[in-house]
Every structure is written in structure tokens, then in C-alpha cells.
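Undergrad: Right, I'll just put the structure down here and ask away after.
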Amino acid sequence: MLEPDLRPLAHEVPAGHRWIELSDGRVTVYGVCPPDPFQRCRIEHRLACPNRSLPDLWPWLTDRRSENARRGGNARRTERRHPPEPEPPPEEWPSAG
């Protein structure tokens, strides 16, 4: 699974971790070195997941993992504090026939 909404410059990601989107919508690992300096790529979610202990591969990725942890923690706290309220029953039930 690829990290959503993260498209770093390909030259900042080591070969073997770059996933390039093809014109038909598929993705493939891009091992060409050096890549085009303006080419963007995708990375695997496991590299940006804050719940996995990985080495500091790239400073920008460590920042992304910290941001994912912060955003995930905020979402969980919000869900716990404000569970969805059930809808009240209608004043008058519709005729079933």
C-alpha cells in the first residue's frame, strides 16, 4: 500500500523505494539513478507509518512519520471525546402499506 497524498521528489528517495505512476494509472518501482530532478514518486505506507520502528532513512520522512502520528492521535482523541449521536426516531412513522 502506498502512502496517500505524499509525492516527494524522486531524487530524494533511494532507488528501490521510488514508485512512479505510469500513464495507465499503474505504479512501478523506479530504480533509475539519477532520476529526473523534477520527477515525483510515491513511497510505501510502511515507510511513513508512525507505528513502525524504522531507522531514520531520510529527514523529511521522519518528519512525515511524526506528522502522521500527530494527525492519527488527534483523530483518535476526537473520536473518543465525541462519539456520534444516534438520530432520534421520527415523530410519525411512515405508512408501510
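Undergrad: Can you pull out every residue in region 1-19 that is assigned to a loop (DSSP other than H, G, I, E, B) and under 17 Å from the mean Cα position of the chain (by Cα)?
TA: Met1, Glu3, Pro4, Asp5, Leu6, Arg7, Pro8, Val13, His17, Arg18
Undergrad: Output yes when any residue across region 71-93 is within 24 Å of the chain's Cα centre (by Cα), on the phi < 0 side of the Ramachandran plot and at pLDDT 80 or above, and no when none is.
TA: Yes: one or more hits.
Undergrad: Report, by residue number, each residue of region 23-72 that is open to solvent by less than 40 Å² (accessible area, probe 1.4 Å) and over 19 Å from Asp5 (Cβ atoms).
TA: If the condition is that a residue be open to solvent by less than 40 Å² (accessible area, probe 1.4 Å) and over 19 Å from Asp5 (Cβ atoms), then Pro35 is the only one that fits.
The values are calculated or read from the model by the stated rules, or taken from the named source; none is laboratory data. Please read these numbers as outputs of a predicted model, since none were measured by experiment. A quick note on method: Cβ atoms are made from the backbone with ideal geometry, for glycine too, and the neighbour counts reach across all protein chains shown. The area values use the complete protein model at the heavy-atom level, side chains included, leaving out ligands, DNA and RNA. Shrake-Rupley method; radii C 1.70, N 1.55, O 1.52, S 1.80 Å.
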